1. If B:ASN169 satisfies every condition in (1) farther than 13 Å from B:ALA236 by Cβ; (2) in a helix (DSSP H, G or I) but one, which is the exception?
2. Among the candidates B:GLY112, B:GLY122, B:GLY76, which residue alone is under 30 Å from A:PRO27 (Cβ atoms), modelled with pLDDT of 90 or more and not acidic (Asp, Glu)?
3. For B:GLU24, which of the numbered conditions (1) without any contact (Cβ under 8 Å) to a residue 24 or more places away in the chain; (2) surrounded by 24 or more Cβ atoms within 10 Å (Cβ to Cβ) fails to hold?
4. Scan B:ARG103, B:ARG90, B:ARG108, B:ARG80 and give me the residue that is open to solvent by 40 Å² or more (accessible area, probe 1.4 Å), part of a helix (DSSP H, G or I), closer than 30 Å to A:THR11 by Cβ and charged (D, E, K, R).
5. Does A:LEU32 satisfy being more than 30 Å from B:SER116 (Cα to Cα) and more than 7 Å from chain B (Cβ to nearest Cβ)?
6. Is there a residue being surrounded by 21 or more Cβ atoms within 10 Å (Cβ to Cβ), in contact (Cβ under 8 Å) with a residue 40 or more places away in the chain and within 14 Å of another protein chain (Cβ to nearest Cβ) anywhere in the range B:59-77?
7. Taking B:THR139 as the residue in question, decide whether it is in a helix (DSSP H, G or I), at pLDDT below 90 and either open to solvent by less than 70 Å² (accessible area, probe 1.4 Å) or in contact with a Pro (Cβ under 7 Å, 6 or more places away or on another chain) (or both).
8. From B:GLU43, B:GLU95, B:GLU105, grab the single residue that is more than 30 Å from A:GLY69 (Cβ to Cβ), charged (D, E, K, R), away from chain A (no Cβ under 14 Å) and free of Cβ contacts under 8 Å to residues at least 40 places away in the same chain.
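The values are calculated or read from the model by the stated rules, or taken from the named source; none is laboratory data. On a predicted model such as this, the values are computed, not experimentally measured, just so you know. Note that each Cβ is placed from the backbone with ideal geometry, even for glycine, and that neighbours are counted across all protein chains shown. Keep in mind that these areas ignore ligands, DNA and RNA; they rest on the heavy atoms of the full protein, side chains included. Shrake-Rupley method; radii C 1.70, N 1.55, O 1.52, S 1.80 Å.
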Amino acid sequence: MDELAIIKTVTAFLGSLGFGMVFNMRPRHLFLAAAGGMFGWIIFYNLEASTGDIFSATLCASFFSVLYGELLARIRHCPANLYVIITLIPLIPGGSLYYMMSNAVQKHWAVSRIYGSELIMYALGLAVGICLMSALLDFLYQLFRRVKKLSDSRK
Amino acid sequence: MNTENRMLHQLMHVGELLLISGAEIRRVEETISRMGKAYGAKETDVFVITSSIVVTMTFPDGEMLTQTRRIRTSGGTDFRKIEDLNALSRRCCEEPLTVEELRAEVNRIRDGGQNSFYLLCGSILAAGGLTVFFGGNVTDALMAAIVAVCICAMQKWLAPLCMNTVIFNLFCSFLAGLIICVLSWFLPVHVDKIMIGDIMLLIPGVPFTNAVRNVLIGDTISGLMRLVESILWAGAIACGFVLSVWITGVW
(Lines give C-alpha, C1' and ligand atoms only; values in the text may rest on other atoms or scores of the structure.)
Protein backbone atom coordinates (compact mmCIF):
# COMPACT_ATOMS: atom_id res chain seq x y z
CA MET A 1 0.00 0.00 0.00
CA ASP A 2 1.42 3.36 -0.88
CA GLU A 3 1.74 6.33 1.44
CA LEU A 4 -1.55 7.95 0.43
CA ALA A 5 -3.45 4.78 1.23
CA ILE A 6 -1.77 4.53 4.64
CA ILE A 7 -2.74 8.10 5.49
CA LYS A 8 -6.29 7.37 4.39
CA THR A 9 -6.40 4.22 6.51
CA VAL A 10 -5.22 6.02 9.62
CA THR A 11 -7.60 8.94 9.11
CA ALA A 12 -10.47 6.54 8.44
CA PHE A 13 -9.77 5.10 11.89
CA LEU A 14 -9.55 8.58 13.46
CA GLY A 15 -12.68 9.82 11.69
CA SER A 16 -14.69 6.80 12.83
CA LEU A 17 -13.35 7.24 16.35
CA GLY A 18 -14.37 10.89 16.31
CA PHE A 19 -17.87 10.04 15.18
CA GLY A 20 -18.15 7.41 17.87
CA MET A 21 -17.50 10.15 20.40
CA VAL A 22 -19.92 12.56 18.72
CA PHE A 23 -22.62 9.90 18.95
CA ASN A 24 -21.81 9.48 22.63
CA MET A 25 -20.69 5.89 22.41
CA ARG A 26 -19.26 4.36 25.57
CA PRO A 27 -15.43 4.43 25.51
CA ARG A 28 -15.20 0.66 25.77
CA HIS A 29 -16.87 0.25 22.38
CA LEU A 30 -14.97 3.03 20.64
CA PHE A 31 -11.80 1.22 19.68
CA LEU A 32 -13.46 -1.82 18.14
CA ALA A 33 -15.98 0.30 16.28
CA ALA A 34 -13.30 2.56 14.85
CA ALA A 35 -11.23 -0.49 13.90
CA GLY A 36 -14.26 -1.76 12.03
CA GLY A 37 -14.42 1.51 10.14
CA MET A 38 -10.79 1.13 9.20
CA PHE A 39 -11.20 -2.48 8.00
CA GLY A 40 -14.31 -1.59 6.06
CA TRP A 41 -12.44 1.13 4.29
CA ILE A 42 -9.49 -1.16 3.52
CA ILE A 43 -11.87 -3.65 1.91
CA PHE A 44 -13.48 -0.88 -0.12
CA TYR A 45 -10.15 0.54 -1.24
CA ASN A 46 -8.74 -2.80 -2.38
CA LEU A 47 -11.88 -3.77 -4.25
CA GLU A 48 -12.19 -0.40 -5.90
CA ALA A 49 -8.54 -0.45 -6.93
CA SER A 50 -8.85 -3.90 -8.49
CA THR A 51 -12.28 -3.66 -10.12
CA GLY A 52 -12.69 0.09 -10.60
CA ASP A 53 -16.38 -0.28 -9.74
CA ILE A 54 -17.64 1.78 -6.82
CA PHE A 55 -20.96 0.01 -6.45
CA SER A 56 -19.60 -3.48 -5.88
CA ALA A 57 -16.82 -2.16 -3.66
CA THR A 58 -19.28 -0.35 -1.35
CA LEU A 59 -21.58 -3.35 -1.52
CA CYS A 60 -18.90 -5.68 -0.17
CA ALA A 61 -17.68 -3.12 2.35
CA SER A 62 -21.18 -2.70 3.73
CA PHE A 63 -21.63 -6.49 3.83
CA PHE A 64 -18.56 -6.55 6.02
CA SER A 65 -19.88 -3.69 8.17
CA VAL A 66 -23.15 -5.41 8.94
CA LEU A 67 -21.43 -8.74 9.65
CA TYR A 68 -18.87 -7.09 11.89
CA GLY A 69 -21.54 -5.05 13.66
CA GLU A 70 -23.83 -7.99 14.31
CA LEU A 71 -20.96 -10.19 15.47
CA LEU A 72 -19.68 -7.62 17.92
CA ALA A 73 -23.20 -6.89 19.10
CA ARG A 74 -23.64 -10.53 20.07
CA ILE A 75 -20.29 -10.66 21.84
CA ARG A 76 -20.73 -7.39 23.68
CA HIS A 77 -24.47 -7.43 24.30
CA CYS A 78 -25.20 -4.09 22.73
CA PRO A 79 -27.40 -3.06 19.80
CA ALA A 80 -25.85 -3.86 16.42
CA ASN A 81 -26.84 -0.55 14.87
CA LEU A 82 -24.20 1.26 16.91
CA TYR A 83 -21.27 -0.67 15.48
CA VAL A 84 -22.71 -0.82 11.97
CA ILE A 85 -23.10 2.93 11.70
CA ILE A 86 -19.61 3.76 12.93
CA THR A 87 -18.11 1.14 10.61
CA LEU A 88 -19.87 2.78 7.66
CA ILE A 89 -18.61 6.32 8.35
CA PRO A 90 -15.54 6.24 6.03
CA LEU A 91 -17.75 5.03 3.20
CA ILE A 92 -20.09 8.02 3.32
CA PRO A 93 -19.58 9.99 0.08
CA GLY A 94 -19.05 13.46 1.50
CA GLY A 95 -16.58 14.37 -1.22
CA SER A 96 -18.80 13.33 -4.11
CA LEU A 97 -21.72 15.25 -2.64
CA TYR A 98 -19.69 18.40 -2.21
CA TYR A 99 -18.10 18.34 -5.66
CA MET A 100 -21.40 17.55 -7.35
CA MET A 101 -22.95 20.53 -5.59
CA SER A 102 -20.10 22.94 -6.20
CA ASN A 103 -19.82 22.08 -9.87
CA ALA A 104 -23.55 22.37 -10.35
CA VAL A 105 -23.53 25.85 -8.83
CA GLN A 106 -20.65 26.90 -11.07
CA LYS A 107 -22.64 25.48 -14.01
CA HIS A 108 -20.05 22.85 -14.90
CA TRP A 109 -22.84 20.44 -15.67
CA ALA A 110 -20.81 17.61 -17.17
CA VAL A 111 -18.46 17.40 -14.20
CA SER A 112 -21.37 17.68 -11.79
CA ARG A 113 -23.11 14.77 -13.48
CA ILE A 114 -20.01 12.59 -13.06
CA TYR A 115 -19.86 13.28 -9.35
CA GLY A 116 -23.61 12.86 -9.11
CA SER A 117 -23.50 9.39 -10.59
CA GLU A 118 -20.59 8.55 -8.26
CA LEU A 119 -22.73 9.69 -5.35
CA ILE A 120 -25.61 7.48 -6.43
CA MET A 121 -23.27 4.49 -6.76
CA TYR A 122 -22.00 4.99 -3.22
CA ALA A 123 -25.48 5.49 -1.81
CA LEU A 124 -26.94 2.50 -3.62
CA GLY A 125 -24.01 0.28 -2.68
CA LEU A 126 -24.42 1.22 0.98
CA ALA A 127 -28.20 0.89 1.03
CA VAL A 128 -28.41 -2.39 -0.86
CA GLY A 129 -25.46 -3.84 1.04
CA ILE A 130 -26.94 -3.03 4.43
CA CYS A 131 -30.36 -4.38 3.55
CA LEU A 132 -29.21 -7.55 1.82
CA MET A 133 -26.84 -8.55 4.59
CA SER A 134 -29.36 -7.67 7.33
CA ALA A 135 -32.01 -9.73 5.56
CA LEU A 136 -29.64 -12.66 5.13
CA LEU A 137 -28.53 -12.61 8.76
CA ASP A 138 -32.11 -12.35 9.96
CA PHE A 139 -33.07 -15.30 7.75
CA LEU A 140 -30.18 -17.40 9.08
CA TYR A 141 -31.08 -16.49 12.65
CA GLN A 142 -34.73 -17.50 12.15
CA LEU A 143 -33.59 -20.73 10.48
CA PHE A 144 -31.27 -21.48 13.36
CA ARG A 145 -34.04 -20.85 15.88
CA ARG A 146 -36.45 -23.08 13.98
CA VAL A 147 -33.91 -25.90 13.79
CA LYS A 148 -33.09 -25.51 17.47
CA LYS A 149 -36.79 -25.67 18.39
CA LEU A 150 -37.21 -28.82 16.32
CA SER A 151 -34.23 -30.54 17.89
CA ASP A 152 -35.30 -29.45 21.39
CA SER A 153 -38.79 -30.85 20.90
CA ARG A 154 -37.35 -34.14 19.68
CA LYS A 155 -35.42 -34.68 22.92
CA MET B 1 -54.00 5.78 38.12
CA ASN B 2 -53.54 2.07 38.50
CA THR B 3 -50.30 0.14 38.12
CA GLU B 4 -50.84 -0.93 34.54
CA ASN B 5 -51.44 2.64 33.41
CA ARG B 6 -48.34 3.87 35.16
CA MET B 7 -46.30 1.02 33.70
CA LEU B 8 -47.54 1.83 30.20
CA HIS B 9 -46.70 5.48 30.80
CA GLN B 10 -43.13 4.48 31.60
CA LEU B 11 -42.98 2.29 28.50
CA MET B 12 -44.03 5.29 26.43
CA HIS B 13 -41.14 7.21 28.00
CA VAL B 14 -38.79 4.39 27.02
CA GLY B 15 -40.07 4.38 23.45
CA GLU B 16 -39.85 8.15 23.14
CA LEU B 17 -36.33 8.21 24.53
CA LEU B 18 -35.23 5.48 22.12
CA LEU B 19 -36.70 7.35 19.15
CA ILE B 20 -35.13 10.68 19.93
CA SER B 21 -31.77 8.98 20.51
CA GLY B 22 -31.78 7.58 16.99
CA ALA B 23 -32.96 3.99 17.33
CA GLU B 24 -34.69 2.29 14.40
CA ILE B 25 -38.45 1.89 14.34
CA ARG B 26 -38.22 -1.89 14.66
CA ARG B 27 -36.12 -1.64 17.79
CA VAL B 28 -38.59 0.75 19.45
CA GLU B 29 -41.58 -1.43 18.60
CA GLU B 30 -39.89 -4.61 19.76
CA THR B 31 -38.63 -3.08 22.98
CA ILE B 32 -42.06 -1.77 24.01
CA SER B 33 -43.70 -5.01 22.97
CA ARG B 34 -41.28 -7.22 24.88
CA MET B 35 -41.37 -5.12 28.01
CA GLY B 36 -45.17 -5.05 27.88
CA LYS B 37 -45.28 -8.83 27.72
CA ALA B 38 -42.81 -9.05 30.59
CA TYR B 39 -45.12 -6.90 32.70
CA GLY B 40 -48.05 -9.19 32.08
CA ALA B 41 -49.78 -7.95 28.95
CA LYS B 42 -51.46 -10.67 26.95
CA GLU B 43 -51.28 -8.77 23.66
CA THR B 44 -49.44 -5.63 22.69
CA ASP B 45 -50.11 -3.61 19.55
CA VAL B 46 -47.39 -1.06 19.01
CA PHE B 47 -47.36 1.42 16.17
CA VAL B 48 -44.36 3.69 15.84
CA ILE B 49 -43.59 6.34 13.27
CA THR B 50 -41.03 9.06 13.60
CA SER B 51 -43.49 11.54 15.12
CA SER B 52 -45.86 9.36 17.09
CA ILE B 53 -46.08 6.24 19.25
CA VAL B 54 -49.40 4.46 19.75
CA VAL B 55 -49.63 1.48 22.08
CA THR B 56 -52.58 -0.68 23.05
CA MET B 57 -52.15 -3.41 25.63
CA THR B 58 -54.61 -6.14 26.52
CA PHE B 59 -54.29 -7.73 29.94
CA PRO B 60 -55.39 -11.22 31.00
CA ASP B 61 -58.27 -9.81 33.05
CA GLY B 62 -59.68 -8.23 29.89
CA GLU B 63 -58.53 -4.69 30.62
CA MET B 64 -57.35 -2.74 27.56
CA LEU B 65 -55.17 0.32 27.78
CA THR B 66 -54.13 2.73 25.05
CA GLN B 67 -51.70 5.56 25.26
CA THR B 68 -50.18 7.76 22.57
CA ARG B 69 -47.13 9.96 22.56
CA ARG B 70 -46.34 12.75 20.14
CA ILE B 71 -42.66 13.12 19.29
CA ARG B 72 -41.54 16.57 18.29
CA THR B 73 -37.76 16.54 18.44
CA SER B 74 -36.03 14.51 15.80
CA GLY B 75 -32.71 13.46 14.47
CA GLY B 76 -30.60 13.25 17.59
CA THR B 77 -28.13 10.44 18.10
CA ASP B 78 -27.09 9.19 21.48
CA PHE B 79 -25.73 5.66 21.47
CA ARG B 80 -25.29 5.57 25.22
CA LYS B 81 -28.99 6.03 25.82
CA ILE B 82 -29.85 3.36 23.26
CA GLU B 83 -27.43 0.94 24.89
CA ASP B 84 -28.70 1.69 28.40
CA LEU B 85 -32.34 1.36 27.36
CA ASN B 86 -31.53 -1.91 25.63
CA ALA B 87 -29.89 -3.19 28.82
CA LEU B 88 -32.89 -1.99 30.85
CA SER B 89 -35.30 -3.85 28.59
CA ARG B 90 -33.24 -7.03 28.87
CA ARG B 91 -33.28 -6.74 32.66
CA CYS B 92 -37.01 -6.18 32.74
CA CYS B 93 -37.67 -9.14 30.50
CA GLU B 94 -35.73 -11.42 32.82
CA GLU B 95 -37.18 -9.99 36.00
CA PRO B 96 -39.59 -7.05 35.81
CA LEU B 97 -38.72 -4.06 37.97
CA THR B 98 -41.46 -2.41 39.98
CA VAL B 99 -43.03 0.60 38.32
CA GLU B 100 -41.28 2.93 40.75
CA GLU B 101 -37.89 1.40 40.01
CA LEU B 102 -38.64 1.52 36.30
CA ARG B 103 -39.51 5.20 36.57
CA ALA B 104 -36.29 5.91 38.47
CA GLU B 105 -34.22 4.05 35.88
CA VAL B 106 -35.84 5.83 32.94
CA ASN B 107 -35.29 9.20 34.59
CA ARG B 108 -31.69 8.31 35.30
CA ILE B 109 -31.07 7.40 31.67
CA ARG B 110 -32.89 10.46 30.36
CA ASP B 111 -31.05 12.89 32.61
CA GLY B 112 -27.63 11.40 31.91
CA GLY B 113 -26.84 14.13 29.42
CA GLN B 114 -24.05 14.20 26.95
CA ASN B 115 -20.64 15.25 28.16
CA SER B 116 -19.90 18.41 26.17
CA PHE B 117 -16.16 17.93 26.26
CA TYR B 118 -16.44 14.42 24.85
CA LEU B 119 -18.65 15.73 22.06
CA LEU B 120 -16.20 18.53 21.34
CA CYS B 121 -13.20 16.20 21.16
CA GLY B 122 -15.15 13.85 18.95
CA SER B 123 -16.14 16.64 16.56
CA ILE B 124 -12.58 17.91 16.31
CA LEU B 125 -11.23 14.42 15.68
CA ALA B 126 -13.93 13.59 13.16
CA ALA B 127 -13.68 16.84 11.20
CA GLY B 128 -9.88 16.89 11.21
CA GLY B 129 -9.54 13.20 10.38
CA LEU B 130 -12.06 13.27 7.55
CA THR B 131 -10.58 16.43 6.05
CA VAL B 132 -7.25 14.64 5.66
CA PHE B 133 -9.08 11.49 4.55
CA PHE B 134 -10.61 13.40 1.64
CA GLY B 135 -7.25 14.79 0.61
CA GLY B 136 -6.48 17.80 2.75
CA ASN B 137 -3.17 18.55 4.45
CA VAL B 138 -2.39 19.34 8.08
CA THR B 139 -3.28 23.04 7.82
CA ASP B 140 -6.66 22.08 6.35
CA ALA B 141 -7.21 19.68 9.23
CA LEU B 142 -6.44 22.40 11.77
CA MET B 143 -8.84 24.81 10.10
CA ALA B 144 -11.51 22.12 9.97
CA ALA B 145 -10.96 21.46 13.68
CA ILE B 146 -11.42 25.16 14.50
CA VAL B 147 -14.63 25.31 12.48
CA ALA B 148 -15.77 22.08 14.18
CA VAL B 149 -15.46 23.86 17.53
CA CYS B 150 -17.64 26.68 16.16
CA ILE B 151 -20.18 24.16 14.90
CA CYS B 152 -20.32 22.54 18.33
CA ALA B 153 -20.87 25.93 19.95
CA MET B 154 -23.67 26.62 17.47
CA GLN B 155 -25.27 23.28 18.17
CA LYS B 156 -25.28 24.02 21.86
CA TRP B 157 -26.50 27.62 21.82
CA LEU B 158 -28.13 28.28 18.46
CA ALA B 159 -30.15 25.08 18.09
CA PRO B 160 -32.67 25.75 20.90
CA LEU B 161 -33.52 29.07 19.27
CA CYS B 162 -34.33 27.63 15.86
CA MET B 163 -37.77 26.50 14.76
CA ASN B 164 -36.66 23.08 13.61
CA THR B 165 -33.62 21.03 12.64
CA VAL B 166 -33.69 21.96 8.96
CA ILE B 167 -33.65 25.71 9.65
CA PHE B 168 -30.93 25.31 12.25
CA ASN B 169 -28.77 23.34 9.81
CA LEU B 170 -29.27 26.02 7.16
CA PHE B 171 -27.98 28.70 9.54
CA CYS B 172 -25.25 26.49 10.92
CA SER B 173 -23.86 25.51 7.52
CA PHE B 174 -24.10 29.11 6.29
CA LEU B 175 -22.14 30.42 9.26
CA ALA B 176 -19.60 27.60 9.07
CA GLY B 177 -19.13 28.28 5.36
CA LEU B 178 -18.65 31.98 6.07
CA ILE B 179 -16.00 31.25 8.67
CA ILE B 180 -14.17 28.90 6.30
CA CYS B 181 -14.24 31.37 3.42
CA VAL B 182 -13.11 34.28 5.56
CA LEU B 183 -10.25 32.19 6.94
CA SER B 184 -9.27 31.23 3.41
CA TRP B 185 -8.63 34.90 2.61
CA PHE B 186 -5.80 34.93 5.11
CA LEU B 187 -4.37 31.42 4.92
CA PRO B 188 -3.36 29.12 2.07
CA VAL B 189 -5.88 26.34 2.61
CA HIS B 190 -7.97 24.12 0.40
CA VAL B 191 -11.44 25.45 1.00
CA ASP B 192 -13.14 22.44 -0.56
CA LYS B 193 -11.41 19.85 1.65
CA ILE B 194 -12.22 21.78 4.83
CA MET B 195 -15.82 22.13 3.77
CA ILE B 196 -16.11 18.41 3.10
CA GLY B 197 -14.68 17.62 6.51
CA ASP B 198 -17.18 19.91 8.22
CA ILE B 199 -20.11 18.86 6.05
CA MET B 200 -19.60 15.32 7.31
CA LEU B 201 -20.31 16.59 10.83
CA LEU B 202 -23.64 18.02 9.79
CA ILE B 203 -24.88 15.34 7.37
CA PRO B 204 -27.79 13.36 8.83
CA GLY B 205 -25.97 10.05 8.47
CA VAL B 206 -27.84 8.12 11.13
CA PRO B 207 -31.39 9.21 10.22
CA PHE B 208 -30.65 8.60 6.56
CA THR B 209 -29.25 5.08 7.15
CA ASN B 210 -32.16 4.20 9.41
CA ALA B 211 -34.64 5.61 6.88
CA VAL B 212 -33.25 3.58 4.00
CA ARG B 213 -33.20 0.47 6.15
CA ASN B 214 -36.79 1.06 7.24
CA VAL B 215 -38.06 1.55 3.70
CA LEU B 216 -36.42 -1.64 2.50
CA ILE B 217 -37.48 -3.88 5.39
CA GLY B 218 -41.14 -2.93 5.37
CA ASP B 219 -41.65 0.09 7.65
CA THR B 220 -42.26 2.10 4.53
CA ILE B 221 -44.23 4.97 6.06
CA SER B 222 -41.68 5.82 8.74
CA GLY B 223 -38.85 5.20 6.34
CA LEU B 224 -40.24 7.59 3.76
CA MET B 225 -40.92 10.25 6.40
CA ARG B 226 -37.38 10.10 7.69
CA LEU B 227 -35.99 9.90 4.17
CA VAL B 228 -37.78 13.07 3.06
CA GLU B 229 -36.69 14.80 6.25
CA SER B 230 -33.07 13.71 5.68
CA ILE B 231 -33.13 14.92 2.08
CA LEU B 232 -34.51 18.29 3.16
CA TRP B 233 -31.86 18.41 5.84
CA ALA B 234 -29.07 17.65 3.35
CA GLY B 235 -30.52 20.22 0.98
CA ALA B 236 -30.50 22.84 3.73
CA ILE B 237 -26.85 22.14 4.45
CA ALA B 238 -26.01 22.36 0.75
CA CYS B 239 -27.87 25.68 0.46
CA GLY B 240 -26.15 27.09 3.50
CA PHE B 241 -22.67 26.32 2.22
CA VAL B 242 -23.41 27.42 -1.34
CA LEU B 243 -24.86 30.71 -0.09
CA SER B 244 -21.84 31.43 2.06
CA VAL B 245 -19.41 30.75 -0.76
CA TRP B 246 -21.43 32.78 -3.23
CA ILE B 247 -21.52 35.77 -0.91
CA THR B 248 -17.81 35.75 -0.20
CA GLY B 249 -17.01 35.03 -3.83
CA VAL B 250 -14.45 32.36 -3.10
CA TRP B 251 -15.31 30.18 -6.08
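1. (1)
2. Checking each option against the conditions leaves just B:GLY122.
3. Condition not satisfied by B:GLU24: (1).
4. Just a single option satisfies the conditions, and that option is B:ARG80.
5. Spelling it out, it is not the case that A:LEU32 is more than 30 Å from B:SER116 (Cα to Cα) and more than 7 Å from chain B (Cβ to nearest Cβ).
6. Yes, the range B:59-77 contains at least one residue that is surrounded by 21 or more Cβ atoms within 10 Å (Cβ to Cβ), in contact (Cβ under 8 Å) with a residue 40 or more places away in the chain and within 14 Å of another protein chain (Cβ to nearest Cβ).
7. Spelling it out, B:THR139 is indeed in a helix (DSSP H, G or I), at pLDDT below 90 and either open to solvent by less than 70 Å² (accessible area, probe 1.4 Å) or in contact with a Pro (Cβ under 7 Å, 6 or more places away or on another chain) (or both).
8. The unique qualifying residue is B:GLU43.
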